[in-house]
Amino acid sequence: MDLNSKEIQLQYEGFLQTPLLWESENVFNLEQLKLFKKKVSVFEGNIQKKLRLGKRVERFVSNELNQYKAITILKENIQIQDGNTTIGEIDCLLKQQEQPIHLEIVYKFYLYDKTVGLTELEHWIGPNRKDSLVKKLTKLKEKQLPLLLKPQTKPTLEKLKIYVKEIKQLVYFKAQLFIPYQLKNNTFKLINNNCIKGFYIYFQELSQFSECKFHMPTKVNWLQETQTYVNWLSFEKFEQAIEVFMLSKTSPLCWMKQPNGKIYKIFIVWWR
């Protein structure tokens, strides 16, 4: 297995090990696709080197769904056109034991910031403060799922011999969550606490970890579980590398190895 294939397999395994962000139906009344646990499979698809994280996850979901005999994928990444204009995309249409399903796929990284919004769900934001959990849930509810009901979608459904009134709409929403270092033992009511993968610190707090070593995975490798045998940076080299990110207002995900060998996933954030 070459280095690229090995990395892709580790990304796929990291994706499989990421839990659903919620399991009941108390989050915007959106229901998750629930799959019974299987052994970790081998990723058998092709991934172009530059395929971004979101599209990569869609390929991983496709590979995962193909492991289930009760699931048949009918069509993926369906562009819905109104004349020459694309009005949206349906991620996946499938059948699970003959039940037609419209599935929207989401994989996100969110940080808990109590200064944003008033409710628990509103406090989860993107690492660079540009997006948020509530914004994504609203988009799913008001734009992505209603696309199925648009007249422009009808020809696609007719070709597949499925009818709108029979289709169940589900999401497959996974996330890695990060909380402030000071709150690292907190639990939350509405989300699946197994999604908490680590913590975040402000750049100004970095000096308290001067005894640690660090690794900066590429964006697509954010999916991976932490690995031991990687290129570890000394605190001094890491601090220099991080400054560049801080100046460009980018919060990177990093791996931090403590002197006792324990490895954590952390975000270093530029905002405060």
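Throughout, read-outs are computed from the coordinates displayed, never taken from laboratory work. Model, not experiment: these values are computed from the prediction. Positions of Cβ are backbone-derived with ideal geometry, glycine not excepted, and every protein chain shown enters the neighbour counts.
Overview of values
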{"read-out": "Listed pairs Lys219/Lys249; Lys6/Lys69; Lys108/Lys130; Lys69/Lys95; Lys136/Lys159; Lys219/Lys257 exceeding 21 Å between Cα atoms", "value": "Lys6/Lys69; Lys136/Lys159"}
{"read-out": "Overall form of segment 128-205 per C-alpha gyration tensor (a/c, 1.5; a/b vs b/c)", "value": "prolate"}
{"read-out": "Mean Cβ count within 10 Å, highest first, over the residues of peptides 81-90, 194-203, 234-243", "value": "194-203, 234-243, 81-90"}
{"read-out": "Shape call, segment 25-119: gyration tensor on alpha carbons, a/c limit 1.5", "value": "rounded"}
{"read-out": "C-alpha center-to-center spacing [segment 15-44, segment 183-239] in angstrom", "value": "23"}
{"read-out": "Rounded if a/c under 1.5, otherwise prolate or oblate - the chain, Cα gyration tensor axes", "value": "prolate"}
